[in-house]
């Protein structure tokens, strides 16, 4: 996860989703949480970039924590 979380727990969108996913894949990261507001940018990426990474979308801290701890 990269980006900012507000004091109320909202997750703000970030830039450079393509670069972040490529770096995560190269580093061997297999699960990534992306802000929900970045879904449009994610959807425009090629399948080659998305492969081998389990992507989760979150728009608040509660969803992010449940994704991390429940999995």
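When only residues in segment 52-70 that are in a helix (DSSP H, G or I) and in contact with a strand residue (DSSP E or B) (Cβ under 7 Å, 6 or more places away or on another chain) count, which is modelled with the highest pLDDT?
61
Could you please give the count of residues in segment 1-30 that are under 10 Å from the mean Cα position of the chain (by Cα) and at pLDDT 90 or above?
The number of residues fulfilling the criteria is 5.
The values are calculated or read from the model by the stated rules, or taken from the named source; none is laboratory data. This structure is a prediction, so every number in the text was calculated from the model and none was measured. Note that each Cβ is placed from the backbone with ideal geometry, even for glycine, and that neighbours are counted across all protein chains shown.
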